[in-house]
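The next block holds one structure in the form of structure tokens; read it before the comments.
The values are calculated or read from the model by the stated rules, or taken from the named source; none is laboratory data. Values in this document were obtained by computation on a predicted structure and should not be read as measured data. Here Cβ is always computed from backbone atoms with ideal geometry, including for glycine, and neighbour counts include all displayed protein chains. Accessible surface areas use protein heavy atoms only, side chains included; no ligands, DNA or RNA. Shrake-Rupley method; radii C 1.70, N 1.55, O 1.52, S 1.80 Å.
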There are 2 protein chains.
Amino acid sequence: MNIGDIAKATGISAKMIRYYEETGLIRPATRTLSGYRVYSDNDLQTLRFVRRARDLGFTVKQIDDLLTLWRDRTRASASVKEIALGHVAALEKKMQELKEMSDTLLHLASHCHGDTRPDCPILTTLGSTEAVAPLPRTRDRRKTRAFDRVR
Amino acid sequence: MNIGDIAKATGISAKMIRYYEETGLIRPATRTLSGYRVYSDNDLQTLRFVRRARDLGFTVKQIDDLLTLWRDRTRASASVKEIALGHVAALEKKMQELKEMSDTLLHLASHCHGDTRPDCPILTTLGSTEAVAPLPRTRDRRKTRAFDRVR
DNA sequence: CTGCGCCTTCCCATCGTTGGAAGGTCAAGC
DNA sequence: GCTTGACCTTCCAACGATGGGAAGGCGCAG
């Protein structure tokens with residue numbers, strides 16, 4: 001398989017495959033006499049792994065760690081789970097941040113006429129001296145952490 | 001006010017203020033004879049606006065658009081609302097993506113012992129040929145769009 | 001005048017990804 | 001055998017927003 005074939009098969013662009021090789025995430029492919037990269041079914045499997053981890057939002061560094069664990073038959077499953085749940089926590093933190101932005105914006109937008117009139121509380125608030133939309137405190141609805149929910 | 005003062009006052013680093021000037025987001029500051037940037041209360045207000053928009057997750061390009069509308073006293077509030085709700089939609093899309101990643105990972109993790117044993121369904125699934133964790137279809141719980149909820 | 005803290009510009013790095021340019025290779029069709 | 005087009009190679013640059021640091025100038029207090 002040439003790089004184009006494996007790119008199609010994994011959904012990772014040829015550019016990225018070369019990049020992953022360059023940065024050490026994957027092992028350098030063997031080459032033909034003329035310098036073309038050649039890939040085996042084993043490489044295909046590895047790159048599929050990478051693709052899926054990437055789809056789950058892992059960084060390249062984390063994928064590197066996961067690959068190492070993947071290849072190590074003596075790993076403890078706890079190590080893997082720790083990475084996974086740590087990542088879940090990061091994802092949830094990010095979601096929380098986005099939610100706060102979104103809520104604030106929706107709140108501002110709900111007070112905006114949205115017609116041809118120029119007055120707009122969204123802009124007014126952004127330009128004012130006070131802090132933007134302090135959200136009304138709801139009752140202590142504490143977030144459960146990934147660790148608690150799963151283990 | 002020198003750049004350090006306004007940086008403290010807005011919470012934007014001096015580096016970023018220079019960057020915003022360089023890229024045209026804000027107008028070039030006036031200078032002292034010796035080349036120091038000098039800022040007015042007006043600049044302070046603008047930069048506070050920028051800061052808040054940034055905190056709401058707008059890109060620099062979007063902030064640029066918002067600033068233009070902010071300065072234009074004849075704008076239609078509909079234009080502002082459109083940008084805001086468009087951004088809400090983007091935020092919600094992102095949240096949805098993160099949620100899917102998170103759910104998938106939690107699902108995988110819930111099947112992992114997380115002890116010293118090496119077998120781990122997280123890695124096994126990532127390395128397998130099939131797609132990762134097709135989520136169980138729930139009843140048609142269609143997402144309401146920002147536009148519908150607010151207007 | 002010295003010293004310290006601020007300011008200036010300039011370049012580099014990050015992270016994951018895409019784009020393009022310039023050139024070599026391969027296989028099919030004539 | 002030669003042309004053509006699709007592929008491959010490397011190298012360089014850019015994105016977006018930010019931080020780090022170097023080298024040198026400025027301002028003010030002691």
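Rounded, prolate or oblate, given the Cα gyration tensor of chain A, with a/c below 1.5 counting as rounded?
It is oblate, given that a/c is not under 1.5 and a/b is not larger than b/c.
Give the average, rounded to an integer, of partner chain Cβ atoms located within 10 angstrom of each Cβ in A:85-93. All intermediate terms of the calculation are to be shown ahead of the outcome.
On the way: counts 5, 0, 4, 9, 1, 2, 10, 4, 1.
The mean count of partner-chain Cβ atoms within 10 Å per residue comes to 4.
Once Rh for the stretch A:1-59 is found with the Kirkwood sum over Cα pairs, what is the Stokes-Einstein diffusion coefficient at 20 °C and 1.002 mPa s, in µm²/s?
It diffuses with D of about 186 µm²/s by this estimate.
Answer rounded, prolate or oblate for the protein assembly as shown, using the Cα gyration tensor with square roots of eigenvalues a ≥ b ≥ c: rounded when a/c is under 1.5, else prolate when a/b is larger than b/c, else oblate.
Values: a/c = 2.30, a/b = 1.69, b/c = 1.36.
Prolate, since a/c reaches 1.5 and a/b exceeds b/c.
Say each of A:Asn42 and A:Asp5 gets a label point 7 Å from the Cα, pointing the same way as Cα to Cβ; how far apart are those two points in nm?
About 1.7 nm, to one decimal.
Ranked by accessible surface with a 1.4 Å probe, highest first, in what order do B:Glu100, A:Glu22 come?
Descending order: A:Glu22, B:Glu100.
By accessible area of protein heavy atoms, probe 1.4 Å, what ranking do B:Arg18, A:Arg73, B:Arg51, B:Arg27 get, highest first?
Largest accessible area first, the residues go A:Arg73, B:Arg27, B:Arg18, B:Arg51.
Once every DSSP H run of n ≥ 4 in the protein assembly as shown is given -39500 (n - 2.57) and the sum is divided by its residues, what mean residue ellipticity at 222 nm do you get, rounded to the nearest 500 deg cm²/dmol?
Numbers: 14 runs with 180 residues, N = 302.
That calculation yields -19000 deg cm²/dmol at 222 nm.
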